[in-house]
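One structure below.
Nothing in this text is a laboratory measurement; each read-out follows from the coordinates by a stated rule. Source: prediction; values computed, not measured. Quick reminder, even Gly has a Cβ in these numbers, built from the backbone with ideal geometry, and neighbours come from all protein chains shown.
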Amino acid sequence: MTKNKSHIVLKTQDLAIGYTSKKEKTVIASNINIKLHKGELVGLIGANGIGKSTLLRTLTSVQRKLDGNITINNTSLENYSNINLAKVLSLVLTESLGSKNLTVFELVALGRQPYTNWVGSLTSKDLQVINQSLFQTNIDDLKHKKCYELSDGQLQKVMIARALAQDTDLIILDEPTTHLDMYHKAYILKLLQNLAKETNKTILFSSHEIDLAIQLCDTLIVMTKDTVITGQPSNLIDKGTFNDLFPQDLIVFDNKTGSFRVKK
Amino acid sequence: MPDTKTYKLPFIILILVLLLCFCTNISLGSVLIPFKDVFNGLIGHPTENVAWQHIIHEYRLPKAFTAIIVGSGLGISGLLMQTLFRNPLAGPFVLGITSGSSLGVALVIMGASFFGGALAGVLVSKWSIVIAASLGSFIVLLIVLIMSNKVRDTMAILIIGLMFGSITTATVSVLSFFSSAEELQQYIFWGFGSIGNLTWHELFIFFIIYILGIILSLASIKTLNTLLLGENYAKSLGLNVKMSRLLIIIATSLLAGTITAFAGPIVFIGLAIPHMTRQVFNTSNHKILLPAVFLFGAIIMLVCDTIAQLPSSDLTLPINAITSLIGAPVIIWLLVRKRKMIF
């Protein structure tokens, strides 16, 4: 296997996630062992409330881990300063923008913030990276539009371009396909697949589009009530991992088509 | 089309308008001075009437400079607040910062009698008022910010700001019940707002604190642009959100606090100026907005002052009345044209 030889960007060891309050620890998932390689597209799937967001929040240092280790490029997550973390990890979140009066170009340019001087001036290198990001996400023609003029699908592409402009080894997206129609869901995930290949970045996203994720991802992280399983989609299908994803009273996984069907 | 607009032409026009307003402001006043003599007075040539020279140098010039500082400072502090809270209705007045200053000043002017006669003289100096107003605004802003972390709902923050206004009003009425008529009058006159009675010496101190606030605001330009994405994105871009928020708050309270201290609680300018600016400069980039708000604020305040002194009459209207008369309609107009509230 060539994959094992390639560089590991994100690694977790016996990671436990959850919440701590004064009285007790609420463990949502534990014993999470993930290895993400360079240039991989990784999907994170699981039912609602299973802890996908908590896992992503923990991996992005928004929330504290309960136990175990997270390393990015062989450096422990705690050892990154804000600014250094911003140079290896960029995010696309579900929350709406603070201001939509920015032009697409300005918004993507904000991705260069970790590299610019105190007043945020763009150098020729910054401009080159920004234009490349716009080109790679096919939004060159939108660059002078205001963000409030964009459709949800276009805006999502812009947010991905912004993360690209941040020039990080790892991009994490929280449910990038919500609010999008079927075509744009496929479009965004296909775009992510191409980007992972072309730019050799590791892209991790959470999604409910299980059938699309099975078709497009190199690796899937499947969260079920008891365990977190990582593997190639075809292997996971063979193992029957998807059968346990949801309660089986309503939908069942069809191994042949790689998608769920409603029980008749 | 370039990738980022520079708005050179509007800036040149605004600078010319500012110069024009400055000259008009100095030329007009309760005493009619011919324009030729105003010009002579400005460049230090003898004027026909010696008193005119004195009026221009000791009265009109400091007043015009104060107007520029007050207008630009309040405008910028409003802009900082609107971006920090991501709320187009935020401003030093709505968020209770001005109320905090008023409370500080009320405590000093009317509370002084509680501390006994000898101490009262020391307390009610100009400087104690300045310090009280700045402290008051800083404390209120800090409380609003702590609460904004807890409630997260921007409308709730505005209501909290209004509540601080009520607390101030209530405290002031309790204090005024126990204070002398003179003290009450002193407080009320301070509340009218006035930019006309600063000496050059006071203006100098005022200017230094103002410049500190402006420097902090300039240093926050990149932070402010990052905050446009929302706090979580800002953090993912390497921003130390807590630290930057504190810097923006200190800048705002330095600006709004000292302006309120020296010129009284001038309303609406802080809220209205950034919106007026956005009508011309349709951008969210603070590298453009900050200088534009500076120019707009200075111009509007000079115009308000020119109107307030009712040229060629002995009367001077309270500056607060004029800024409200201009500011309130602007806000109503913005609410009606809701699409433009995107900021």
Could you give the dipole magnitude of chain B about its Cα centre, charging the beta-carbon of Lys and Arg +1 and that of Asp and Glu -1, in debye to the nearest 20?
1480 debye
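Nearest 0.05, what FRET efficiency do residue B:48 and residue B:197 give at R0 = 35 Å with Cβ-Cβ as r?
About 0.85, to the nearest 0.05.
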Rounded to whole Hz, the Karplus (6.51, -1.76, 1.60) HN-Hα couplings of the range B:44-52, x for glycine and proline
x, 6, x, 9, 4, 10, 4, 4, 4
Modelled label-to-label distance, residue A:48 and residue B:127, 7 Å Cα→beta-carbon offset: nm?
6.4 nm
Hey, with R₀ at 25 Å, roughly what FRET efficiency would residue A:244 and residue A:13 work out to, going by the Cβ-Cβ distance, to 0.05?
0.55
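Beyond 45 Å, what percent of the Cα pairs of the protein assembly as shown remain?
The answer is 32 percent, as a whole percent.
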Could you check the spin-label model distance between residue B:36 and residue A:252? Points 7 Å from the Cα along Cα→Cβ, value in nm.
10.4 nm
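So between residue A:78 and residue A:23, what do we pick up on full extension, going 0.36 nm a residue minus the alpha carbon distance? Mind dumping the intermediate values first?
Details: separation 55, 0.36 × 55 = 19.80 nm, distance 2.42 nm.
Using 0.36 nm per residue and subtracting the Cα-Cα distance, I get 17.4 nm.
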Could the peptides B:298-306, A:207-215 be put in order, highest first, of the mean number of other beta-carbon atoms found within 10 Å of their residues?
B:298-306, A:207-215
Select from the range A:1-107 those GluC sites (Glu not before Pro) which occupy a DSSP coil region and have at most 16 other Cβ atoms within 10 Å, ordered by residue number.
A:24, A:95
With angles folded into 0 to 90 degrees, how steeply does helix A:182-199 sit against the dominant principal axis of chain A? Use alpha carbons for both and round to 10.
70 degrees
Cα pair count fraction exceeding 15 Å, expressed as % - the range A:26-113:
69 percent
Please count, across chain B, the pairs of lysine residues with Cα atoms under 15 Å apart that sit 8 or more places apart or on different chains.
6
Residue by residue through the range B:205-212, the couplings from Karplus 6.51 cos²θ - 1.76 cosθ + 1.60 with θ = phi - 60°, in Hz, x for Gly and Pro, are 4, 3, 4, 5, 5, 4, 4, 4
Across peptide A:103-112, what mean number of C-beta atoms from other chains lies inside 10 Å of a residue's C-beta?
4
May I ask for the angle, rounded to the nearest 10°, between helix A:152-165 and the longest principal axis of chain A, with both axes built from Cα atoms and the value confined to 0 to 90°?
70 degrees
Using a Förster distance of 60 Å, the FRET efficiency for residue B:5-residue B:205 (Cβ separation, nearest 0.05)
0.95
Round to the nearest 10 and give me the degree value, 0 to 90, for the angle of helix A:124-136's Cα axis relative to the longest principal axis of chain A.
50 degrees
Mean ellipticity per residue at 222 nm, deg cm²/dmol - from DSSP H runs of n ≥ 4 across the protein assembly as shown, formula -39500 (n - 2.57)
-17500 deg cm²/dmol
Quick one: compute the contact order of chain A, relative version, from alpha carbon pairs under 8 angstrom and 6+ residues apart, as a percent.
24 percent
Give me the distance in nm between label points sitting 7 Å out from Cα along the Cα-to-Cβ direction at residue B:177 and residue B:332, one decimal.
3.5 nm
Only sites in a loop by DSSP and with at most 15 other Cβ atoms within 10 Å count here; which trypsin sites (Lys or Arg not before Pro) in the range A:55-102 make the cut?
A:64
Express the relative contact order of chain B as a whole percentage, based on alpha carbon pairs under 8 Å and six or more residues apart in sequence.
31 percent
Using DSSP, restrict attention to beta bridges with both residues in the protein assembly as shown and report what percent are antiparallel, rounded to the nearest 5.
60 percent
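Which is the longest run of chain B containing none of the trypsin sites (Lys or Arg not before Pro) found in DSSP loop states (not H, G, I, E, B) with at most 11 other C-beta atoms within 10 Å?
Working: sites that count: B:152, B:337.
With trypsin sites (Lys or Arg not before Pro) excluded where exposed in loops, chain B gives B:153-336 as its longest stretch.
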Dividing the mean separation of Cα pairs under 8 Å (6+ apart) by the residue count of the range A:168-264 yields a relative contact order in percent of 20 percent
Past the 36 angstrom mark, what percentage of all C-alpha to C-alpha distances in chain B do you count?
21 percent
Is there a pair in A:125/A:201; A:25/A:65; A:145/A:197; A:65/A:239 whose C-alpha atoms are over 22 Å apart, and which pairs would that be?
A:145/A:197; A:65/A:239
Can you compute 3J(HN,Hα) from phi for each residue in the range A:234-244, using the Karplus curve 6.51 cos²θ - 1.76 cosθ + 1.60 with θ = phi - 60°, rounded to whole Hz and x for Gly and Pro?
5, 5, 5, 4, 4, 6, x, 4, 6, 4, 8
